[in-house]
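Colleague: Okay, here's the structure, questions in a sec.
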Amino acid sequence: MNRIALLTAAISAVAVTAMIGCATGASPARSGAATGKAPQVGGDVVEWIRVDQFGYPIHAPKVAVVSLPVIGFNAPGTYTPGDMFELRTVDRDEVVWRGAPERWNYGQLHAQSGDRGWWIDFSEVRDAGTYYLLDTTNGVRSYDIRIGDDVYDDVLVAAVRTFFYQRLNVVKEPPFVDPAWADGAAYDGPGQDREARSRHAKDDPSTARDVHGGWMDAGDPNKYTTFAEPAVIGLLRTWEARPDLFGDDTGIPESGNGVPDLLDEVRFQLEFLGRMQDATGTGGLLLKVGVDNHNAVTPLSLDRRPRYYVPECTSATLAGSAMFAKAAIVYSRVDRTRGFADELLSRALRAWDRAVVTTRGFTHFETDCDDQDITSGDADRSVVEQIESALQAAIFLFEATGDRQFRDFVDARFAESRPIWNAQWGPYTRGIAVALLRYAALPGATGDVAARIVSGRSRVMRTDTIEAAEAGTDLYRAYLSSNAHHWGSNSIRSHAGILALDVIDHRLDPDHDDRYRAAAHGYLAWLHGTNPLGLVMLSNMYRYGAASSVNEFYHTWFADGSPWDNALTSRYGPPPGYLVGGPNRSYTGALSPPAGQPPQKSYLDWNAGWPENSWEITENAIYYQAAYIELLARLVPERPWSPR
């Protein structure tokens, strides 16, 4: 049994044993960590010392950031650090390190946060344990700081388990969930997911199709084929990169079946996508399933609204082919799922053949299938996005089958992808970028095409990764451009970190692997609290070591005013582990904050509906979650027990 499995064996008893206090009404707000009160060793806690609140792996960079707010909702700051800090053990209060804070950028203002700041680099400390940083001049201290190669293990389990809460049409009950988050099957009644009708023929029962299962996409209860593509492929990439991390006993119904629970969870979504394909009768896929109004009800099992689907669309068919093909490769590597892998490959080929027809040989793409009568996300995709889905499908099908037609397609069309034709190798195009690199590494790839792909990536591989990190561009050590602080910015930050790790995995700059890994750790630490908000960007993580984490986020189930509203003040709070959207400088509401703030402070911990529009800031999404899980998993150190 691997370490994740050992650490989570207790979870399976009640799904989330660590949060049982919530089920009995004991709010995490009453725990020491939740109130920000660490054991009173060394003085009072000062929140302005920003750290990764879950801790640091032994060989990871360990840099605290001291914040002095000058502009924004938390300005003016009143804490200025002293000349010397000590890292002390919590249990014995012994000094293990001393160092002076380094003033960031000669005391200049960091425009993205409105802060000035200092760095405290204690990376040389490599003994496992629990510590705190003490400002010896002012007699104040940081939150507790854990060091050890297991500090992210339980966090990873919690983050993956959020997909179980996103499942539709299944009962969520003990022992698979804590009673706090139990609910009946949602959208499983008459006229709902087992007999959804066409959006264009709502009164015609002959259009009813069984499209049950799958994950709700985000805070809204709809299911989108195109939006699922980055989540499904991202989780499968994560398993390929670190299969040693994922056990078979994290407390979902499939636990103990001999298949890693991560793959069981993705299979739940793939089986739904299979129904979206079966519903067309053509090999193509339906685009979307959901409701046609905003009259949400919580908990979800009480929602009786009829459900409708948007018919087949080229974007859905191509996304489906890519997902099925990638999954066929992954599931073929597990003894108990090889039969399922064969089914997935057949589905991928059927979708591909259908796309050849509906796109007229990949020359015509439907870009206006979704009129958003089914609220609210627009599931359509641009021509270039559909070509990139087709390229991913072809790459994975070539890997799975060796059929030259797929290699020929890649060779003929790869230059139409954004990484090639305009050098967009950044976080917005990472799906196609990493697929192209995968093609370049396949034994049968065309040599000059592979060389052009690798050359293109190599030319920009240091930009915004090690160059930005080592230049100290961002006070909080996780550089994104100001314009990248938009709806869903936390997913962009996750992908920016993963880009650095991709350079390592594809052996593009092997003499500098440590530098790329260090840059990636900066992005993860930002999400874990080393940010101008001092906030862990995951929900309700107090029982996992967070001192300040997301308490509210926009979600139909965990709605404003419900028993699941707030981790500190409502009866239950939301489940742990959900990544929220993040700072959004383009927020359209009038509430300040998040409006009128520097980009990294364009955030508020709340979940109100219209006209405050909290969904633009705090809503979750399965593709945000998958990106964070990939970054986190790839930064969990390999240990001696690892089979790799």
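The values are calculated or read from the model by the stated rules, or taken from the named source; none is laboratory data. Because the structure is predicted, anything quoted here is derived from the model rather than measured. Here the Cβ is made from the backbone with ideal geometry for all residues, glycine too, and neighbour counts use every protein chain on show.
Colleague: Tell me, please, whether a residue that is surrounded by fewer than 24 Cβ atoms within 10 Å (Cβ to Cβ) and in a helix (DSSP H, G or I) can be found in the range 468-477.
Modeller: yes
Colleague: Quick check: is even one residue across the range 109-124 more than 30 Å from ASN483 (Cα to Cα) and buried (at least 16 other Cβ atoms within 10 Å of the Cβ)?
Modeller: Checked the range 109-124: at least one residue is more than 30 Å from ASN483 (Cα to Cα) and buried (at least 16 other Cβ atoms within 10 Å of the Cβ).
Colleague: Output the residue which, of all residues in the range 511-533 that are touching a Lys or Arg at 6+ places or on another chain (Cβ under 8 Å) and among the aliphatic types (A, V, I, L, M), is farthest from ARG116 (Cα to Cα).
Modeller: ALA520
Colleague: Hey, another quick one. Being over 16 Å from ARG507 (Cα atoms) and assigned to a helix (DSSP H, G or I) is the filter here; which residues of the range 435-467 pass it?
Modeller: GLY447, ASP448, VAL449, GLU467
Colleague: Quick one: ASP502 ticks every box in (1) among the acidic types (Asp, Glu); (2) within 30 Å of VAL297 (Cβ to Cβ); (3) crowded, with 22+ Cβ neighbours inside 10 Å bar one, so which box is it?
Modeller: (2)
Colleague: Based on this model, can you work out whether ASN531 counts as surrounded by 21 or more Cβ atoms within 10 Å (Cβ to Cβ) and over 15 Å from the mean Cα position of the chain (by Cα)?
Modeller: Yes: the conditions hold for ASN531.
Colleague: Being of a type outside the set (A, V, I, L, M) and over 26 Å from the mean Cα position of the chain (by Cα), is that true of even one residue in the range 421-429?
Modeller: yes
Colleague: What's the number of the condition ALA500 fails, among (1) within 23 Å of the chain's Cα centre (by Cα); (2) more than 25 Å from GLU416 (Cα to Cα); (3) in a helix (DSSP H, G or I)?
Modeller: Exception for ALA500: condition (2).
Colleague: Scan the range 240-256 for residues that are outside any loop (DSSP other than H, G, I, E, B) and buried (at least 20 other Cβ atoms within 10 Å of the Cβ) and report the count.
Modeller: Count: 1.
Colleague: Specify the residue that is surrounded by the most Cβ atoms within 10 Å (Cβ to Cβ); the eligible residues are those in the range 296-323 that are free of Cβ contacts under 8 Å to residues at least 60 places away in the same chain and in a helix (DSSP H, G or I).
Modeller: Per the criteria, the residue is THR317.
Colleague: Separate question: Report the residue count in the range 181-198 for those that are surrounded by fewer than 21 Cβ atoms within 10 Å (Cβ to Cβ) and either touching a residue at least 12 places away in the same chain (Cβ under 8 Å) or of a type in the set (Phe, Trp, Tyr) (or both). Full working, then the answer.
Modeller: Filtering the range 181-198 down to residues surrounded by fewer than 21 Cβ atoms within 10 Å (Cβ to Cβ) leaves 182-185, 188-191, 194-195, 197-198.
This time we only want the ones that are either touching a residue at least 12 places away in the same chain (Cβ under 8 Å) or of a type in the set (Phe, Trp, Tyr) (or both), so: 183-185, 188-189, 191, 194-195, 197-198.
Of the residues in the range 181-198, 10 are surrounded by fewer than 21 Cβ atoms within 10 Å (Cβ to Cβ) and either touching a residue at least 12 places away in the same chain (Cβ under 8 Å) or of a type in the set (Phe, Trp, Tyr) (or both).
Colleague: Identify the residue in the range 43-80 that is assigned to a strand (DSSP E or B) and among the hydroxyl-bearing types (Ser, Thr, Tyr) and, among all such residues, is nearest to LEU604 (Cα to Cα).
Modeller: Taking the candidates together, the pick is SER67.
Colleague: Would you mind telling me which numbered condition in (1) part of a helix (DSSP H, G or I); (2) out of contact with any helix residue (DSSP H, G or I) (no Cβ under 6 Å at 6 or more places or on another chain); (3) modelled with pLDDT under 95 ALA518 fails?
Modeller: Of (1) part of a helix (DSSP H, G or I); (2) out of contact with any helix residue (DSSP H, G or I) (no Cβ under 6 Å at 6 or more places or on another chain); (3) modelled with pLDDT under 95, only one is false for ALA518: (3).
Colleague: Separate question: So how many residues does the range 587-618 have that are within 21 Å of the chain's Cα centre (by Cα), surrounded by fewer than 23 Cβ atoms within 10 Å (Cβ to Cβ) and not in a helix (DSSP H, G or I)?
Modeller: Here the count works out to 2.
Colleague: Going by the structure shown, is ARG336 part of a helix (DSSP H, G or I), surrounded by fewer than 17 Cβ atoms within 10 Å (Cβ to Cβ) and either of a type outside the set (Asp, Glu) or more than 23 Å from the chain's Cα centre (by Cα) (or both)?
Modeller: yes
Colleague: May I pose another question? If only one of ARG116, ARG146, ARG88, ARG98 is within 13 Å of TRP48 (Cβ to Cβ) and outside any loop (DSSP other than H, G, I, E, B), which one is it?
Modeller: So the residue among ARG116, ARG146, ARG88, ARG98 that is within 13 Å of TRP48 (Cβ to Cβ) and outside any loop (DSSP other than H, G, I, E, B) is ARG116.
Colleague: Filter the range 423-442 down to the residues that are more than 20 Å from ALA327 (Cβ to Cβ) and either hydroxyl-bearing (Ser, Thr, Tyr) or at pLDDT below 95 (or both) and list them by number.
Modeller: TYR428, THR429, listed by residue number.
Colleague: While we're looking at this one, here's another question. Working only within the range 444-486, note down all residues that are under 24 Å from ALA595 (Cβ atoms) and not polar (S, T, N, Q).
Modeller: ASP474, LEU475, TYR476, ALA478, TYR479, LEU480, ALA484, HIS485, HIS486
Colleague: Within the range 304-313, can one find any residue that is among the β-branched types (Val, Ile, Thr), modelled with pLDDT of 95 or more and under 26 Å from the mean Cα position of the chain (by Cα)?
Modeller: Checking the range 304-313: not a single residue is among the β-branched types (Val, Ile, Thr), modelled with pLDDT of 95 or more and under 26 Å from the mean Cα position of the chain (by Cα).
Colleague: Test THR89 against the stated conditions and say whether it is over 32 Å from the mean Cα position of the chain (by Cα), surrounded by fewer than 17 Cβ atoms within 10 Å (Cβ to Cβ), over 17 Å from TRP526 (Cα atoms) and touching a residue at least 24 places away in the same chain (Cβ under 8 Å).
Modeller: yes
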